[in-house]
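K.L.:
Here it is, the structure in full.
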Amino acid sequence: MIAAAVVAAVFVAFVIGWSSPPPPAAAVVAQPTQAELEKRYRGSIIFPTNRDGICLTVLLDNRTGHLTEGGYGKCEPDEPRQFAKEPDEKARIRALGSAFRR
């Protein structure tokens, strides 16, 4: 009788422990640091000067729109590019019209 009571108590304790839902997993999302944010939203615009190999860099903050001078530095000239031929007017209108059909 005592053995049956112990087995029943162990069974009840097991079922109670088994049926309780697991604790919710803490979804911790790592927040980016200030340095990472500044790096992500910062860009640079490079302007060639009249002097060969020297460019002016302007830093752009995309969050605020502020421009700051980045100074002069060495730069490589771009390779000449081949541009596509201008499409005729009808093909351009058809391409614009098909974009609105979606």
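K.L.:
Would you mind getting me the FRET efficiency between A35 and D78? Use the beta-carbon distance for r and R0 = 41 Å, nearest 0.05.
P.N.:
0.85
K.L.:
Once you have the Cα-Cα distance between R101 and K85, take 0.36 nm times their residue separation minus that, and quote the gain in nm to one decimal.
P.N.:
Extending this stretch completely gives an extra 3.2 nm.
K.L.:
Ok, one more. Enter the Cα centre distance for the pair region 62-102 and region 43-58, rounded to the nearest angstrom.
P.N.:
The two parts, judged by their Cα centres, are 19 Å apart.
K.L.:
Something else now. Please report T49, T57, T64 as a ranked list, fewest other C-beta atoms within 10 angstrom at the top and most at the bottom.
P.N.:
By the 10 Å Cβ count, ascending: T64, T49, T57.
K.L.:
Oh, and also: By the scheme Lys and Arg +1, Asp and Glu -1, what is the net charge of all other residues having a beta-carbon under 12 Å from that of T64?
P.N.:
The answer is 0.
Rule-based calculations on the coordinates, nothing more; no lab input. Predicted model, so just to flag it, every value in this text is computed and none were measured. Ideal geometry is used to build each Cβ from the backbone, glycine not excepted, and the neighbour counts take in all protein chains shown.
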